[in-house]
Amino acid sequence: MATAVALVATLPAQAVVGDPVRPDGATQSFSSGEGASEGNADYDKETNYRDSQNEATRNACHRSKKAWSRQAKTSAGAYESIGELADRWDAGMDYHLIACSGARTYNILRDPENGELAQVHKGYLDQNTTMVTISIGGNDSRFSYVIQKCLISYGSGSCQDKLDKPFENKPMSEALPELITQVVKTDILAAVEEIHRKAPKAKILLMGYPKLISGDASFLRLAGLGLSKESNDWLNTVAAHLTSEMRSVGEIARSKGIDARFSDPTWAFEGKGVCGNPESIHGMVKTLTDSDNTIKDWPLLKAYGLSAQSFHPKISGARLYADAMEASIGGW
């Protein structure tokens with residue numbers, strides 16, 4: 001369920017790609033490539049650094065060379081991926097990955113934050129942009145907080161009944177669907193409309209989220225930490241609800257004359273989430289990257305020392321996302 005964010009590509013011919021931003025924060029950005037790296041190896045260095053003495057210098061956007069938009073191809077007959085074309089400065093490819101791990105919808109639209117401009121202000125959206133890909137909604141739906149709350153609720157039934165201040169002391173089973181329908185959906189549509197205003201000729205691909213965990217989550221255990229089957233079942237219903245509302249955003253956008261599509265990657269990840277076979281989404285990762293800050297990224301789980309890569313697609317998972325993208329843009 002998780003991701004945010006933004007990357008943009010401008011092409012003279014057919015097209016690809018764009019997504020939202022987050023300069024600091026916790027778990028998401030499936031689009032930036034959070035988790036799609038062997039440790040530090042595949043992250044752009046400027047998006048993976050931290051001075052422990054001065055947190056203001058931190059950039060944990062974690063833009064990866066293995067991000068799904070870079071692994072994808074623009075057409076079935078293409079020999080090279082978008083990333084390969086961009087890396088060799090192909091004349092037909094003007095690609096910009098500006099996705100940022102942990103981004104929320106407001107990071108697309110608002111003024112500078114934590115050293116990075118709002119994505120619509122970065123100058124990549126204009127009359128020549130042919131495609132923008134976005135995957136937002138996971139952070140806005142408070143995924144990071146919810147997954148932490150459910151992990152520490154192991155052994156007490158389903159976490160859906162937990163009451164919490166961030167949700168005005170409503171049970172999460174009531175508050176989360178309301179948040180997604182009444183706030184997140186509206187914000188995503190506003191972002192799509194603003195992207196269209198800036199890049200009126202661009203196709204806009206809104207990418208959804210797969211089921212995070214496969215099976216009953218029985219393999220997701222760490223020293224008493226983990227998900228009950230009941231909690232996992234409920235989380236899957238939340239993912240399905242977010243998918244439904246994101247699909248609706250695509251339909252509303254098209255009704256307004258915006259050339260938008262929703263891509264649902266659920267089929268590509270079937271049986272391949274956390275605890276799946278093969279597992280294409282990380283479970284709890286304890287090997288830290290240079291920019292990880294476990295206290296800030298996972299405040300409820302700070303004692304466990306988890307990396308931001310936790311619960312994000314592996315390199316193989318980013319490839320599955322690329323499969324979903326290719327299927328969605330074929331013939332567009």
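The distance from the alpha carbon centre of the range 191-225 to that of the range 287-303 is 21 Å, rounded to a whole number.
Roughly how many percent of the accessible protein surface of the range 183-275 is carbon and sulfur, given a 1.4 Å probe and a whole-percent answer? Please list the in-between numbers first.
On the way: 1970 of 3800 Å².
Carbon with sulfur: 52 percent of the solvent-accessible area.
Between the range 135-186 and the range 48-78, the alpha-carbon centres lie 27 Å apart.
Taking every protein chain into account, the accessible area of the chain amounts to 40 square angstrom per residue (probe 1.4 Å). Restricting attention to the range 230-332, which GluC sites (Glu not before Pro) occupy a DSSP loop and are surrounded by at most 14 other Cβ atoms within 10 Å? Listed in order of number, the matching sites are 270. Computed about its Cα centre, the charge dipole of the chain is approximately 140 debye, with only Lys, Arg, Asp and Glu carrying charge at their Cβ.
Stretching residue 216 away from residue 88 to a fully extended chain increases their span by 41.7 nm, per 0.36 nm per residue minus the current alpha-carbon distance. With both residues required to sit in the chain, DSSP beta bridges show an antiparallel share near 65%. A simple charge model with +1 on the Cβ of Lys and Arg, -1 on the Cβ of Asp and Glu and nothing else charged puts the dipole of the range 43-196 at about 480 debye relative to its Cα centre. Using 0.36 nm per residue and subtracting the Cα-Cα separation, the extra length available between residue 127 and residue 163 on full extension is 8.2 nm. Considering only 44, 264, 187, the mean-square fluctuation computed in a Gaussian network model of the chain, springs between alpha carbons under 10 angstrom, is largest for 44. On the basis of the beta-carbon distance and an R0 of 22 Å, residue 186 and residue 267 show a calculated FRET efficiency of 0.20.
Just checking the listed ones, 281, 295, 180: in the Gaussian network model of the chain with Cα springs under 10 Å, the one fluctuating most is 295.
Mean sequence separation of contacting Cα pairs (under 8 Å, at least six apart), scaled by the length of the chain, corresponds to a relative contact order of 24 percent. Residues whose amide H comes within less than 5 Å of that of residue 131, counting only those at least five positions distant or on another chain, are 9, 11, 16, 17, 203 (H built at 1.01 Å from N in the peptide plane). Of all the options 250, 215, 226, the one that moves most in a Gaussian network model of the chain with Cα springs shorter than 10 angstrom is 215. Placing a pseudo-label 7 Å from each Cα along the Cα-to-Cβ vector at residue 170 and residue 229 gives an inter-label distance of 3.0 nm.
The values are calculated or read from the model by the stated rules, or taken from the named source; none is laboratory data. Computed from a predicted model, the values in this text were never measured in an experiment. As a convention, Cβ positions derive from the backbone with ideal geometry for all residues, glycine included, and neighbour counts pool all protein chains shown. Heavy atoms of the whole protein, side chains included, go into the accessibility calculation; ligands, DNA and RNA do not. Shrake-Rupley method; radii C 1.70, N 1.55, O 1.52, S 1.80 Å.
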